[in-house]
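Let me begin by presenting the structure, written as structure tokens, before commenting on it.
The values are calculated or read from the model by the stated rules, or taken from the named source; none is laboratory data. Quick caveat, the model's predicted, so the values are computed rather than measured. Quick reminder, even Gly has a Cβ in these numbers, built from the backbone with ideal geometry, and neighbours come from all protein chains shown.
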Amino acid sequence: MTAGVIGALAAAGAAVALALLPLAGHWRMPTIAHPDRSALDDAGWPHGLWRWEALRASVMLAGLAVAAAFGLFPVIGLMLGSVPSVIARLRAQVARDRARDAFAELLLGAHALLRSGIALPETLRRAAAGCDDRLARRPFEVALARFDLGEPLDAGIRAAAAASPHPRTGAALQTLALGVTERLPIERAASLVEAVAQRAIHERRLDAEVRARASGIRTQSYLLAAVVPCLAAYLALTMPGLGATLASPLGRTVLVPLAAALEIAGIVLGRRIVRQVTP
């Protein structure tokens, strides 16, 4: 690159900077969050992010050692660093599914308290205090904390709904916030909470039915995924030519990693299909 080209690029950058200077007051640096922060919070990781990254680095180093021992690409060893993140997301998903069941029970408790004549803020406070699941009660704790600081209750519930990781839980909270905005009397507020609770229970039963129907297919896919490596190992032992091919650089670096990637992709795709049906 010549000096003239560098000077031209510098002049163009200066011109663009001067043209955008009036908008400098409206610029904000984007916040960069850790990709595993939400999953770790929901999964209940008790330690900080530094220990989490140390764990991932240890797994990555172990993967590099295994890859070097078997003559695989180093990239395959580095990919093992994503295993803790996958486990954290799976645990977080299990915790969120469990929280959805507790969320419906919490709404039923709030409905009973409203029927007894207790005001809605105190109703939500007592119902959240009686819930054992921290993810189910977290939206109400956030909304009540903002309410205690002087913010309207409906705004606090909407903020909690926007931060909810599950769309159906967020929709239920938005419906509840709409009822608070309309300043419904206690009887109508109780009916609204009951309707939201019944909707959550119906969705929970629907999800359970879909997963029960899909469990057999998922089990079959897992069995088929386990049959392929077992069959490959059997053929490699009984057929020296195939064993030599799999033990060659082509087999270690291309065929075996590609087969493993396809197996994992099939399992992930099957889980995603069920998740799309039951979001």
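Overview of values
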quantity	calculated
Contacts under 7 angstrom Cβ, first residue in segment 32-57 being over 14 Å from Arg96 (Cα atoms) and of a type in the set (A, V, I, L, M), partner crowded, with 18+ Cβ neighbours inside 10 Å and at pLDDT 85 or above, 6 or more apart	Leu55/Pro84
Cross-chain or 6+ apart pairs with Cβ under 8 Å, segment 224-244 first and touching a residue at least 40 places away in the same chain (Cβ under 8 Å), then surrounded by 11 or more Cβ atoms within 10 Å (Cβ to Cβ) and in a helix (DSSP H, G or I)	Ala225/Glu263; Ala225/Gly266; Ala225/Ile267
Residue, nearest to Arg91 (Cα to Cα), within segment 139-156, restricted to residues that are out of contact with any Lys or Arg (no Cβ under 9 Å at 6 or more places or on another chain) and free of Cβ contacts under 8 Å to residues at least 24 places away in the same chain	Val142
Residue in segment 206-215 that is among the hydroxyl-bearing types (Ser, Thr, Tyr), more than 22 Å from Leu90 (Cβ to Cβ) and surrounded by 11 or more Cβ atoms within 10 Å (Cβ to Cβ) present	no
For Gly77: the one exception among (1) surrounded by 10 or more Cβ atoms within 10 Å (Cβ to Cβ); (2) modelled with pLDDT of 80 or more; (3) part of a helix (DSSP H, G or I)	(2)
Residues that are exposed (fewer than 12 other Cβ atoms within 10 Å of the Cβ) and either closer than 25 Å to Arg218 by Cα or in contact (Cβ under 8 Å) with a residue 12 or more places away in the chain (or both), drawn from segment 245-261	Pro249, Leu258
Counted residues, segment 137-173 - those being farther than 18 Å from Ala197 by Cα and within 18 Å of the chain's Cα centre (by Cα)	3
